[in-house]
Amino acid sequence: MGKIFYMMGKSSSGKDTIFQEIFRQQTWDLKKIILYTTRPARADEKNGEDYYFVNEEILKEMETAGQVIELRAYQTIHGVWKYFTADSGQIDLKKDSYLSIGTLESYRKIREHFGSEKVVPIYIEVEDGERLSRALKREKNQTQPRYEELCRRFLADSLDFSEENLEAAGIKKRFQNNRTLNQCADEILEYIGEKLKEK
């Protein structure tokens, strides 16, 4: 039976970069779980590769069919955009193992759906001062920095990933990304290898 390795961490913890690095280096032919979204595709995005782009009508049909595992809705200046994970045939744990990325709440719903023995959390942690420094540096490089949004997200993550919530979700192992990206990625790759050997 395959496993789902579910990567998560607070904003500016480096999880997206590490996710790409793990995917580049891994030798187990892990598959990506591609999320669905109701937002329009950007110019450089491909349907079925970056996301599955759907409209509200298709989302409703998938919800009625019981395919939606978890869903997040975000209020934007363009209206409400939804992102969701669906069990629509792309996940076959009899055949493959997967690498995915998301929030603590989405991890809990994925684990409830597939079972805790098949979903392995990979929690990436960075000291808060370092994380804030990285977030500020990244925001300064934007054409129109949004410092208020940075602060809102930073504080929201402190609540979302509180020690109580991590404990309730059964997150025990943590991967520190306070050194170099390669060190953290190497530790995660070793851990995935160990977990894949388990029956």
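The values are calculated or read from the model by the stated rules, or taken from the named source; none is laboratory data. This one's a predicted model, so the numbers in the text were calculated from it and none came from an experiment. Here the Cβ is made from the backbone with ideal geometry for all residues, glycine too, and neighbour counts use every protein chain on show. The accessibility values were calculated without ligands, DNA or RNA, using every heavy atom of the protein model including side chains. Shrake-Rupley method; radii C 1.70, N 1.55, O 1.52, S 1.80 Å.
So is Val80 among the aliphatic types (A, V, I, L, M) and closer than 30 Å to Glu167 by Cβ or not?
no
Out of segment 84-101, which residues are farther than 19 Å from Gln26 by Cα and out of contact with any Gly (no Cβ under 9 Å at 6 or more places or on another chain)?
Phe84, Ala86, Ser88, Gly89, Gln90
Of all residues in segment 140-167, which are free of Cβ contacts under 8 Å to residues at least 60 places away in the same chain and either among the polar types (S, T, N, Q) or in contact with a Phe, Trp or Tyr (Cβ under 6 Å, 6 or more places away or on another chain) (or both)?
Asn141, Gln142, Thr143, Gln144, Ser162
Test of understanding: among Ala156, Ala185, which residue is open to solvent by less than 90 Å² (accessible area, probe 1.4 Å), among the small types (Gly, Ala, Ser) and more than 19 Å from Tyr107 (Cβ to Cβ)?
Answer to the selection: Ala185.
Please enumerate the residues belonging to segment 55-100 that are charged (D, E, K, R) and within 30 Å of Met1 (Cα to Cα).
Glu61, Glu63, Glu70, Arg72, Asp87, Asp92, Lys94, Lys95, Asp96 - these are the residues of segment 55-100 that are charged (D, E, K, R) and within 30 Å of Met1 (Cα to Cα).
For segment 101-129, enumerate the residues that are in contact with a Lys or Arg (Cβ under 6 Å, 6 or more places away or on another chain) and of a type in the set (Phe, Trp, Tyr).
Once the filter is applied, which keeps residues that are in contact with a Lys or Arg (Cβ under 6 Å, 6 or more places away or on another chain) and of a type in the set (Phe, Trp, Tyr), segment 101-129 yields only Tyr123.
Suppose we filter segment 159-182 for residues that are open to solvent by 50 Å² or more (accessible area, probe 1.4 Å), in a helix (DSSP H, G or I) and not charged (D, E, K, R); how many remain?
5
So, in segment 114-128, how many residues would count as being surrounded by fewer than 17 Cβ atoms within 10 Å (Cβ to Cβ) and either assigned to a helix (DSSP H, G or I) or free of Cβ contacts under 8 Å to residues at least 40 places away in the same chain (or both)?
Summing the residues that are surrounded by fewer than 17 Cβ atoms within 10 Å (Cβ to Cβ) and either assigned to a helix (DSSP H, G or I) or free of Cβ contacts under 8 Å to residues at least 40 places away in the same chain (or both) in segment 114-128 gives 3.
Anything in segment 24-67 that is touching a residue at least 60 places away in the same chain (Cβ under 8 Å), farther than 15 Å from Gly89 by Cα and not aromatic (Phe, Trp, Tyr)? List them, or say none.
Correct list: Gln25, Gln26, Asp29, Leu30.
Tell me which of these Ser116 doesn't satisfy, since it passes every other one: (1) over 14 Å from Ile33 (Cα atoms); (2) under 13 Å from the mean Cα position of the chain (by Cα); (3) hydroxyl-bearing (Ser, Thr, Tyr).
Among (1) over 14 Å from Ile33 (Cα atoms); (2) under 13 Å from the mean Cα position of the chain (by Cα); (3) hydroxyl-bearing (Ser, Thr, Tyr), the lone unmet condition for Ser116 is (2).
Go through segment 129-153 residue by residue and tally those that are part of a helix (DSSP H, G or I) and exposed (fewer than 13 other Cβ atoms within 10 Å of the Cβ).
Looking only at that region, the number is 7.
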